[in-house]
Structures are given as C-alpha cells and as structure tokens.
Amino acid sequence: MKKTITITTPDSWKDISLKQYLSLQLDLENYKDDIDAQDAFVLNKLCNLTAEEIQALPIDTYGKIKDKLHGFMNKVDLPLERFVKIGDIEYGFEPNLSKMTYGAYADITKYETLTIDKNWAKIMSILYRPIETKKKNETYTIKPYDGIIDEAKWLEVSMDVHFGCLFFFVNLLMDLLNFTLNSTIATGDIPVKLKQTLARSGKVMQQLLNSQTAILKK
C-alpha cells in the first residue's frame with residue numbers, strides 16, 4: 001500500500017532556527033566522511049523526514065529537495081539585523097562597540113572562537129539587549145549589560161539573524177586587516193591610534209580568525 005506524505009522544505013535561513021542548525025552541525029561533524037549520510041541528515045533535520053521516508057523518496061524528488069536546500073545553504077554572508085523582536089520585546093544590537101563595557105567584552109572574549117557553535121546563543125544574548133529608547137532616525141539605546149545571559153531565547157531565533165551578526169564581525173575583521181596592510185604599505189608603520197585599537201581588539205580578532213577557519217572547514 002502506497003503512503004502519501006507532505007514534505008515541507010525551508011526556503012531560506014529565515015525558516016531555520018539556531019537550535020535546528022546546531023543539531024544539524026553536530027550530526028554533520030559526526031559523519032564528516034560520509035556524504036550520503038550528511039545529505040540524509042540535512043533532509044531529516046530541515047524537512048522533518050524520517051530515515052524510512054528518505055529511503056522511500058523517488059530519486060528525482062530526492063534530488064530536487066537537495067538542490068533547493070543547497071541553493072540557500074551556501075549563502076551565509078547575510079546583512080546585520082540591528083533590531084530583533086522576540087515575543088513582545090525588541091532587542092537592539094550593541095550600538096557602539098568601541099564603548100562596550102568591560103564586562104560584556106570580557107564575557108565575549110572568554111570563548112575560543114567567535115563563531116556559530118554551542119556558545120553562540122550566549123554571545124548573542126550579550127550583543128543584543130532590550131531597547132530602552134528608539135528615535136525616528138533609528139538611533140537607540142539598549143539596556144546596560146548586567147552579566148545575566150539568557151541564551152534559551154536565541155536558540156529559537158532564525159539563522160538569517162545569526163549569520164548576519166557573525167558576518168558583520170567577519171567583514172569588519174577583513175576591513176580592519178586590509179586597512180592595516182594598506183596603512184603599513186603607505187607609511188611604513190601603523191598609526192599610534194590604530195596600534196591602540198588593535199591592542200584592545202586583539203582577542204576578538206583572534207576569535208574571528210579562529211571562526212574563519214571553522215567556517216572554511218564547514
């Protein structure tokens with residue numbers, strides 16, 4: 001007897017939560033030497049298909065689903081979302097990174113990498129905090145960092161927000177490295193103010209370089 005199933009496939013990273021993504025990454029890492037198994041886990045985690053349902057799919061249907069998923073999964077360099085609404089609360093991205101409090105900076109830099117892994121929800125909870133004031137020109141202030149990290153809510157936020165935040169830092173790092181290189185070539189030395197900036201941000205830069213390695217591996 002034939003069984004008819006309805007397959008719902010995500011159209012973009014907006015349809016996938018951080019919780020789903022982390023679960024998928026764990027399976028992909030465990031089966032990194034088995035491409036067929038990795039493909040099956042993608043369909044299992046993102047389309048809610050069981051192993052039996054995947055095995056029973058016609059080959060052309062299987063191929064179409066894979067193509068649709070891979071079509072957006074390779075596009076992760078997304079724009080930063082400065083405002084994120086979770087429930088009834090609107091959160092704002094740290095509006096001035098150069099004036100971030102030492103407590104927030106210290107809590108972010110205690111992790112080895114600044115990348116989307118098991119610690120990422122904690123980092124997002126530090127970078128995004130409830131908005132206190134917001135003006136028409138989109139200038140805003142957010143709640144001061146109090147050391148309380150609520151990572152659970154960020155696990156349900158869609159991956160377009162998370163990738164946008166990650167690549168904001170990745171692109172910032174690349175711009176800073178390029179500026180440093182060009183400045184050194186032009187003047188033969190790095191300006192004193194830039195040296196001070198690099199000294200303060202050295203830990204974050206190393207985290208991002210580590211994250212670049214992790215991204216390239218994936």
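Brief remarks on what is shown
- The selection criterion, being surrounded by 14 or more Cβ atoms within 10 Å (Cβ to Cβ), within 18 Å of the chain's Cα centre (by Cα) and of a type outside the set (Lys, Arg), does not hold for Gln38.
- Here Thr61 fulfils each of the conditions (1) surrounded by 13 or more Cβ atoms within 10 Å (Cβ to Cβ); (2) at pLDDT 90 or above apart from (1).
- Hey, Ile149 under 18 Å from Tyr91 (Cα atoms) and in contact with a Lys or Arg (Cβ under 7 Å, 6 or more places away or on another chain) or not: yes
- Tabulated pairs, region 8-23, first within 16 Å of Lys75 (Cβ to Cβ), second small (Gly, Ala, Ser) and surrounded by 15 or more Cβ atoms within 10 Å (Cβ to Cβ), C-beta under 9 angstrom, 6+ apart or interchain: Ser12/Ser158; Trp13/Ser158; Lys14/Ser158; Asp15/Ser158; Ile16/Ser158
- Whichever residue in region 132-166 is without any contact (Cβ under 8 Å) to a residue 60 or more places away in the chain and of a type in the set (Lys, Arg) and, among such residues, is surrounded by the fewest Cβ atoms within 10 Å (Cβ to Cβ): Lys136
- Set Leu97, Leu78, Leu49, Leu114: member being on the phi < 0 side of the Ramachandran plot, among the aliphatic types (A, V, I, L, M), surrounded by 15 or more Cβ atoms within 10 Å (Cβ to Cβ) and without any contact (Cβ under 8 Å) to a residue 12 or more places away in the chain: Leu97
- Only one of Glu132, Glu156, Glu151 that is assigned by TED's automatic domain parsing to the domain that holds Ile108, within 19 Å of Ile108 (Cα to Cα) and at pLDDT 90 or above: Glu151
- Lone unmet requirement of (1) over 17 Å from Gln38 (Cα atoms); (2) at pLDDT below 90; (3) within 18 Å of the chain's Cα centre (by Cα) for Met73: (1)
- Within region 78-114, considering residues that are part of a loop (DSSP other than H, G, I, E, B) and touching a Gly at 6+ places or on another chain (Cβ under 9 Å), the one farthest from Leu43 (Cα to Cα): Arg82
- Residue match in region 124-146 (condition: within 12 Å of the chain's Cα centre (by Cα), closer than 30 Å to Asn48 by Cα and not in a loop (DSSP other than H, G, I, E, B)): yes
The values are calculated or read from the model by the stated rules, or taken from the named source; none is laboratory data. Given the structure is predicted, the values throughout are model-derived calculations rather than measurements. Virtual Cβ from ideal backbone geometry, glycine too; neighbours counted across all protein chains shown.
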